[in-house]
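S.K.: Take a look at this one; I'll ask things after.
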Amino acid sequence: MRASQLEEAYSDRLTQAAQAAQQHFADQPPTRDQLLQYLISYSQRIPLGSVKPAEFARDVVKQLGNTIAVRVVRKPSGPSAAAELNQLLPGLVMDLEAELGNSFPDGDPRDAALTLARRWRQQLEPLQPSSSIVGYQDWFFQKVWPKIESEFKRSHGMDIWGYLADVWDSMRADAHQSYSHGFTDELDPQWLGRNPYR
């Protein structure tokens, strides 16, 4: 396929996506994040070649121009947004600890992170810059999760995987001690294998 044909095909897909967005949000104007999320989801159902979903969504937004109303949500910016996020970090770490405990002894911290992203969306989403071209979840993992990991390491003296590994070792030692002293009739097989966090 020639370059001109590829450009025409891509232009057609942009037009189709723009029309689909206009129809989808005909009754309720979206926020910028809702519009981007919709377009990224839409892009995953069509062939785009080497074009990334976020790039496609950005191009569709450009093509839409003022033909679709975007509901503006007040967002703090710059130092103000950073300060608000820093205030939330201790609570985010405490919630993460609880979520890690709920998924122990073989849960994946990344699953806990997804739960955290959903649970804290109402507080975090307003802190996402209006200029961001990615959806909320991608922004969370790119910008917020590294700060949560740093705060966790600062407060615990080790990273999340090291923390879970130490907790697992401690619980295995307790289980073996209880078994050796006759407090339990049998040892749970989960404490016979290797530490999944090391």
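Every number in this text was worked out from the coordinates using simple rules, so none of it is lab data. Since the model is a prediction, treat every value here as computed from it, not as a measurement. Glycine also receives a Cβ, built like all others from the backbone with ideal geometry; neighbour counts cover every protein chain displayed.
S.K.: Listing 15, 31 from the residue with the fewest other Cβ atoms within 10 Å to the one with the most, what is the order?
M.R.: Ordered from fewest to most neighbouring Cβ atoms within 10 Å, 15, 31 come out as 15, 31.
S.K.: Cut-off is 10 Å between beta-carbons; in what order do 60, 134 appear when sorted fewest neighbours first?
M.R.: 134, 60
S.K.: If R₀ is 22 angstrom, what is the calculated FRET efficiency for the pair residue 147 and residue 108, using the beta carbon separation as r and rounding to 0.05?
M.R.: FRET efficiency, residue 147 to residue 108: 0.65.
S.K.: What FRET efficiency comes out for the pair residue 51/residue 83, r = Cβ-Cβ distance, R0 = 41 Å, nearest 0.05?
M.R.: About 0.65, to the nearest 0.05.
S.K.: Related question: What distance in nm separates the simple spin-label points at residue 194 and residue 41, each placed 7 Å from Cα in the Cβ direction?
M.R.: Spacing of the two 7 Å Cα→Cβ label points: 4.0 nm.
S.K.: Using amide H atoms built in the peptide plane, which far-off residues or other-chain residues are under 5 Å from residue 31 H to H?
M.R.: HN-HN under 5 Å from residue 31: 71.
S.K.: A follow-up question, please. What trypsin sites (Lys or Arg not before Pro) does the range 12-63 have in DSSP loop regions with at most 13 other beta carbons within 10 Å?
M.R.: Qualifying residues, ordered by number: 45.
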